[in-house]
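What follows is a set of notes on a single structure, which appears directly below.
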């Protein structure tokens with residue numbers, strides 16, 4: 001009996017010693033998101049990423065999700081950098097008061113391969129590490145990114161003449177160029193602002209309007225769509241560095257796979273959402289010819305204007321992007 005117990009103990013010890021490095025340390029990651037748990041960005045980006053990492057690590061890494069009800073969207077950067085949360089899923093415009101480098105990626109070619117081969121991904125990673133955050137993924141939401149939702153159709157030569165338009169800072173130059181007045185607010189505040197007439201329209205991505213039910217209070221979608229949008233997954237660098245190398249690799253590998261998958265996924269989601277919104281009574285309204293002709297230029301110039309105004313790294317990023325031919 002003693003020999004059998006000794007053999008079993010030896011076998012258990014051997015199994016422990018030869019355990020995969022990915023499974024060697026169990027950890028629950030405190031994750032913070034700029035979007036609600038049932039929102040399209042969470043459903044199609046954050047949750048699949050977390051599930052895939054848990055699977056890739058054999059359950060060693062799991063995640064505790066916290067949304068904007070825990071920390072407001074514009075206040076999430078610092079708690080993650082400080083380590084109160086270990087993972088952040090967000091749009092970089094939400095922390096543009098701290099850094100505009102992430103925001104600048106919305107003016108750079110969405111192709112994940114080009115971003116990595118050109119050195120853009122590495123540049124952004126190195127920049128965020130200065131603030132104590134490690135870049136995990138820079139996920140494009142389709143081959144086109146943005147649209148405007150409006151309460152009334154466009155009729156003026158300056159498309160937004162007399163309108164108050166919700167938009168994060170990256171939209172402000174183009175809103176002003178088309179005669180509008182930009183208003184900053186989180187996505188969750190837009191429904192009531194449209195309903196009460198505080199704003200006349202809102203800038204947003206090509207998915208999520210149906211989730212927010214803005215179609216109930218605004219009936220027009222301005223066309224054409226424009227630009228590109230990327231959401232970031234970043235991790236507290238101390239927390240990342242403390243993980244075994246195999247778990248770090250799993251996070252980065254799943255982040256890379258996610259970047260590739262989201263382009264096709266969100267193009268399909270955008271097409272399906274447009275169909276749904278039209279079925280719910282929304283109509284398309286065209287930008288004035290002058291505005292439509294310069295829409296992409298307005299977007300790119302505006303993003304770079306905001307990004308480079310006060311940030312030396314953003315200016316260096318623009319220089320790199322121009323040299324590599326991945327921006328206009």
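Within the range 215-227, one or more residues are in a loop (DSSP other than H, G, I, E, B) and closer than 17 Å to residue 306 by Cβ.
When residue 130 is evaluated against the numbered criteria (1) within 20 Å of residue 303 (Cβ to Cβ); (2) out of contact with any strand residue (DSSP E or B) (no Cβ under 7 Å at 6 or more places or on another chain), which criterion, by number, is the only one it fails? That leaves (1) as the condition not met. Taking first residues from the range 83-101 that are on the phi > 0 side of the Ramachandran plot and partners that are at pLDDT 95 or above and buried (at least 22 other Cβ atoms within 10 Å of the Cβ), the Cβ contacts under 8 Å between residues at least 6 apart in sequence or on separate chains come to 83/236. You will find that of 51, 28, the residue that is in contact with a strand residue (DSSP E or B) (Cβ under 6 Å, 6 or more places away or on another chain) and either under 28 Å from residue 245 (Cα atoms) or buried (at least 16 other Cβ atoms within 10 Å of the Cβ) (or both) is 28 and no other. Is there a residue in the range 144-159 that is in contact (Cβ under 8 Å) with a residue 12 or more places away in the chain, over 21 Å from residue 210 (Cβ atoms) and out of contact with any helix residue (DSSP H, G or I) (no Cβ under 8 Å at 6 or more places or on another chain)? Within the range 144-159, one or more residues are in contact (Cβ under 8 Å) with a residue 12 or more places away in the chain, over 21 Å from residue 210 (Cβ atoms) and out of contact with any helix residue (DSSP H, G or I) (no Cβ under 8 Å at 6 or more places or on another chain).
Residues in the range 112-149 that are under 30 Å from residue 159 (Cα atoms) and in a loop (DSSP other than H, G, I, E, B) were compared, and the one that is nearest to the chain's Cα centre (by Cα) is 141. For the range 242-257, state whether one or more residues are within 17 Å of residue 225 (Cβ to Cβ) and touching a strand residue (DSSP E or B) at 6+ places or on another chain (Cβ under 6 Å). Within the range 242-257, none of the residues are within 17 Å of residue 225 (Cβ to Cβ) and touching a strand residue (DSSP E or B) at 6+ places or on another chain (Cβ under 6 Å).
Screening the candidates 53, 22 for the property of being under 23 Å from residue 251 (Cα atoms) and modelled with pLDDT under 90 yields one hit, 22.
Let's see how each residue does on (1) over 17 Å from residue 126 (Cβ atoms); (2) within 22 Å of the chain's Cα centre (by Cα); (3) modelled with pLDDT of 95 or more:
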{"position": "282", "(1), (2), (3)": "yes, no, yes"}
{"position": "287", "(1), (2), (3)": "yes, no, yes"}
{"position": "290", "(1), (2), (3)": "yes, no, yes"}
{"position": "303", "(1), (2), (3)": "yes, yes, no"}
{"position": "314", "(1), (2), (3)": "no, yes, yes"}
{"position": "318", "(1), (2), (3)": "no, yes, yes"}
{"position": "322", "(1), (2), (3)": "yes, no, yes"}
{"position": "325", "(1), (2), (3)": "yes, no, yes"}
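The one condition from (1) farther than 24 Å from residue 168 by Cα; (2) in a loop (DSSP other than H, G, I, E, B) that residue 326 does not meet is (1). One residue stands out among those in the range 185-203 that are touching a helix residue (DSSP H, G or I) at 6+ places or on another chain (Cβ under 7 Å) and modelled with pLDDT under 95: the one that is farthest from residue 276 (Cα to Cα), which is 185.
Taking the criterion of being free of Cβ contacts under 8 Å to residues at least 24 places away in the same chain and outside any helix (DSSP H, G or I), the only residue of the range 237-279 that qualifies is 242.
The values are calculated or read from the model by the stated rules, or taken from the named source; none is laboratory data. Everything numeric here is computed off the predicted structure, so don't read it as measured data. Reconstructed Cβ throughout: ideal geometry from the backbone, glycine too, with neighbour counts over all protein chains shown.
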